[in-house]
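Quick notes on the structure that follows.
What follows is calculated from the coordinates using simple rules that are stated; it is not laboratory data. None of these values were measured; they are calculated from a predicted model. Virtual Cβ from ideal backbone geometry, glycine too; neighbours counted across all protein chains shown.
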Amino acid sequence: MKLTAYLGEHAISDSAFAERIGVTRQSLWRYKSGERRPDWDVLERIAQETAGHVTPNDFLDEAPPAVVDAHASETLAHPHPAGAPL
């Protein structure tokens, strides 16, 4: 079960849950949005506080945010000819 769904179904506020697991409300928001993945100790506390309804595996199918490196993309699109100075 996703953390957002669990908190909604159990009418638990972000502030209250963040306090229960020892993180800031901002950190909890980042976990819920997929912007960040919780550290292992936080994952364990989430599983404990949700009585196992939300597990570490529930965070694994979320891809981390993509980081685009414009320079790398440009380099791949236009590689330097052999022997040309970099």
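I'm trying to understand the selection: among the residues of region 29-56, which are closer than 17 Å to LYS2 by Cβ, within 10 Å of the chain's Cα centre (by Cα) and without any contact (Cβ under 8 Å) to a residue 24 or more places away in the chain?
Those that are closer than 17 Å to LYS2 by Cβ, within 10 Å of the chain's Cα centre (by Cα) and without any contact (Cβ under 8 Å) to a residue 24 or more places away in the chain: TRP29, ARG30, SER33, ARG36, PRO38.
Quick check on my filter: what residues within region 5-24 are within 17 Å of the chain's Cα centre (by Cα), more than 15 Å from ALA51 (Cα to Cα) and not acidic (Asp, Glu)?
ALA18, GLY22, VAL23, THR24
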